[in-house]
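For reference, the structure is listed below as structure tokens.
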Amino acid sequence: MSHNIPASADGASRRAAPEQLVGTRTAEPMSTGESEKRRAQAREHQQLLREWRRKKGVCIICAEREGKEGDHLPPKVLFPSPLRTNETPLFTFPVCSICNRSSSDEDFLFSVLLSFGLNQDAVLNDHEPTDPDLLALYRQTQEQFQDPRKGRRRSRLLQGLIGTDPKSGLPAIDTTKVPANQTLTKIAKSIYWSQTGGDILQNYNPGWWVAPFVDTSKPLFIEKHLKTSYAEVFWGDRFIYHCNVGHPEDGVGGFIWASLHFYTKKRVGNGMSWMLIAAPTKTSVNGKSLYDRFGAISGPATIEPGNEESANKTPGHIR
Ligand SMILES: [Zn+2]
């Protein structure tokens, strides 16, 4: 199976969001009610952030150092102007200076991956994308490579990800090599923090499964056995996030099962999607580790949990 972007024209359909999750819903302009809902969401977020700063809360990414700095999540680089509008709330999250700096290259590479991945027609036929938002993403990528300070280093970063497409024999990005895991887990951690009103996923020392293709028919036991809440978050009309969040008060702390979709304006299903599962090693369902259950279904974790002793909070147990 080829994962190379430019020549895998059928990749778009393979990578499409699972039917049972988003179907082929067309992104409609927002209704007044939707706008109001999003304004309320933004107000709540600001309040949480102010409170966090006041009590010198920790970084929501590493949960170790104080979250003195602000990071935009999803990363700003995914929303170049003119994609960014009033309806694209780029929320600021409290992060430490180390986490804030360490991921900018990954965010950049992830934006390149989207820029090519969502523009397969244009890349294959060697023309600029016609969709204005995708054109903005595409041009931003070009500019980043021409940047006199960072351009050369970024070109080198990308060089390491280029392989040869088996079909066309042309150079192509090998998507399996693009280090998207940190960018995606960072997005999941930030949404978990928002959704739980200030709980930190990293405190539960979870193992992460990050997969572009997931058989969603298998982890049904999540709905059967875990008390979770369902959340749907939109950023503009480009990025949609569905998740089941295990809230600490339900005894399912530190659990998230999420599906992230980046898509073009026309159709939700016509984009790139990832499934993220974070399960703490200590969470148990009917006496069995949830982490082990995921391992049995999805294979070894993409990101193994760290030293359990370093986790400063005990995850909930299901009784
Ligand atoms: Zn940090």
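Derivation of every value follows stated rules applied to the coordinates shown; laboratory data play no part. These numbers were taken from a predicted model, which means no experiment stands behind them. Here the Cβ is made from the backbone with ideal geometry for all residues, glycine too, and neighbour counts use every protein chain on show.
Determine the shape class of the stretch 103-177: with a ≥ b ≥ c the square roots of the Cα gyration tensor eigenvalues, call it rounded for a/c under 1.5, and otherwise prolate if a/b is greater than b/c, oblate otherwise.
The shape class here is oblate.
Among Gln140, Gln120, Ile162, pick out the residue whose Cα is farthest towards the positive end of the charge dipole of the stretch 104-163, where Lys and Arg carry +1 and Asp and Glu carry -1 on C-beta, about the Cα centre.
Toward the positive end, the furthest listed residue is Ile162.
What is the dipole size for the stretch 103-177, taken about its Cα centre, with +1 at each Lys and Arg Cβ and -1 at each Asp and Glu Cβ, in debye to the nearest 20?
Here the stretch 103-177 has a charge dipole of around 460 debye.
Would you kindly state how much longer the chain becomes between Lys56 and His127 on full extension, computed as 0.36 nm times their sequence separation minus their alpha carbon distance, in nm to one decimal?
Roughly 20.6 nm would be gained on extension.
At what distance in nm do the modelled label points of Ser168 and Glu64 sit from each other, each positioned 7 Å from its Cα along Cα→Cβ?
That separation, rounded to one decimal, is 4.2 nm.
Charges at C-beta only: +1 for Lys and Arg, -1 for Asp and Glu. How large is the resulting dipole of the stretch 59-208 about its Cα centre, in Debye rounded to 20?
The dipole of the stretch 59-208 has a size of about 540 debye.
Can you sort Tyr291, Tyr192 by how many other beta carbons sit within 10 Å, fewest first?
Ranked by crowding around the Cβ, least crowded first: Tyr291, Tyr192.
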